[in-house]
Amino acid sequence: MNFLEGMMMNDPIVAEVRKQRIKILASYGGDFRKMSRDAMKRQFESDRKVVSLEKRILQEDTAPNAYSLREQA
């Protein structure tokens, strides 16, 4: 375990988020697909705008998780 993992395991905020995640999933009978479908349904029925971020184009010789550099105008 590295330093960051150790901090996250003892972080009260992370612990609370995990606790709430378990409670929410339990409210769907532990069925992740059911929970996901309901979330998508609520998103679709919402009057809020849903955005999709543009797909990033990787530059040659970069790691898959690296952001591409954009030309300056």
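The values are calculated or read from the model by the stated rules, or taken from the named source; none is laboratory data. The structure presented is a predicted model; accordingly, all values stated were derived computationally and were not measured. Neighbour counts are summed over all protein chains in view; Cβ atoms, including those assigned to glycine, are modelled from backbone coordinates with ideal geometry.
Data for the structure
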read-out: Residues that are modelled with pLDDT of 65 or more and either in contact with a helix residue (DSSP H, G or I) (Cβ under 9 Å, 6 or more places away or on another chain) or acidic (Asp, Glu) (or both), drawn from region 4-18; value: Met9, Asp11, Val14, Ala15, Glu16
read-out: Filter result (β-branched (Val, Ile, Thr) and modelled with pLDDT under 85) within region 19-55; value: Val50, Val51
